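Following: one structure in structure tokens, then a few remarks.
The values are calculated or read from the model by the stated rules, or taken from the named source; none is laboratory data. Quick caveat, the model's predicted, so the values are computed rather than measured. Cβ placement follows ideal geometry from the backbone for every residue including glycine, while neighbour counts extend to all protein chains displayed.
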Amino acid sequence: MKIRCEYCNNYLDDSEEKCPSCGAPNTNFKRVGNQVPTTIEELQQWYSEHNLPPAETTRFFIGIDYKEPKAFGIYKDTNSGKFIVYKNKDTGERAIRYEGNDEKYAVNELYLKLKEEIVNQKSINVSKGSRLVAPNTRSNDWVGVLVFLFLIVFFVTIFYSSFVSSSNRTSKGYYYINDSEYYYGGGNWFIFENDEWNSTSEPEHTGDIGDYYQGDYYYSSSDYTDIRDSSVYDSDWDNTSSSSSSWESSSSSSSSDDWDYDSDWDSGDSWDSGGSDWGSDW
């Protein structure tokens, strides 16, 4: 939708962060909170927006070279300029997950681990909640056991269904595959090359296509242009799902869109850092 800039009165899209004519900020712009962060600063903002406990509680230290045991973290080394993703084990030994110049890749490594840990912590809280019910009779004992078993089966089924089906689903948005930027929309693939977006065939990849997903929001700091400004983009993609199997609308989807929707941390829950496997490399 076109709106008028409050500073120069020229028109711009309401999805633009800044006015293309005068560069003034778009006061109506709202960053979509479910997008994948690509920088350390964006990951810090994502962490804050999802109401997560302090780093000392979650043991995720973003932008910090934390030296103590039991910690995940990411930081930029001031000497080499490289981005380092690490895990400090319970023994104090440090395992390096990534060390290199690709900030987007480094951030995504810790981002995926953080999401995994949030799911783990929520599962722990569900288990704790089921144990809080103290039955007074033998009948209640059986009811409690059945409810607990039902919850286990339910969550296992949800996660398993999501895992099995995710490899066959493609969500509308940007992808980073084999050192190239791609976009999927309207059932078609596009590649950014020679400073423009062009149609292409589905890129070759290994594993789940969702592992390469970057989100459907364009960051001005990206190395590619906003596909919405190109001639290949169709505005109808914004009104209909381009997912080959309703990835974005499925309640059991593993895409970042659905996951982020309910990833806000409940302040009433506890975070048990002892529930993590601190003996492994990652």
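Structure summary
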quantity	calculated
Any hit, the stretch 39-46, residues being buried (at least 16 other Cβ atoms within 10 Å of the Cβ), among the aromatic types (Phe, Trp, Tyr) and at pLDDT 95 or above	no
Residue list for the stretch 86-111, restricted to those being assigned to a strand (DSSP E or B), of a type outside the set (Val, Ile, Thr) and either touching a strand residue (DSSP E or B) at 6+ places or on another chain (Cβ under 6 Å) or assigned by TED's automatic domain parsing to the domain that holds Tyr218 (or both)	Tyr86, Lys87, Asn88, Arg94, Ala95, Arg97, Tyr98, Glu99
Ser199 being among the hydroxyl-bearing types (Ser, Thr, Tyr), modelled with pLDDT under 85 and outside the structural domain of Thr39 (by TED's automatic domain parsing)	no
Search result, residues across the stretch 183-217 that are crowded, with 16+ Cβ neighbours inside 10 Å and polar (S, T, N, Q)	Gln214
Conditions (1) farther than 21 Å from Glu202 by Cα; (2) modelled with pLDDT under 75; (3) polar (S, T, N, Q): number failed by Ser241	(1)
Checking Ser180 against (1) at pLDDT 80 or above; (2) surrounded by 15 or more Cβ atoms within 10 Å (Cβ to Cβ), the condition it does not meet	(2)
Boolean, Lys128 is assigned to a helix (DSSP H, G or I) and closer than 30 Å to Val156 by Cβ	yes
Every residue from the stretch 68-85 that is closer than 28 Å to Ser222 by Cβ and either part of a loop (DSSP other than H, G, I, E, B) or of a type in the set (A, V, I, L, M) (or both)	Ile74, Asp77, Thr78, Asn79, Ser80, Gly81, Lys82, Ile84, Val85
Hits in the stretch 56-66 - residues which are of a type in the set (Gly, Ala, Ser) and touching a residue at least 60 places away in the same chain (Cβ under 8 Å)	none
Criterion: in contact (Cβ under 8 Å) with a residue 60 or more places away in the chain and in contact with a Gly (Cβ under 6 Å, 6 or more places away or on another chain) - qualifying residue of Pro53, Pro37, Pro69	Pro69
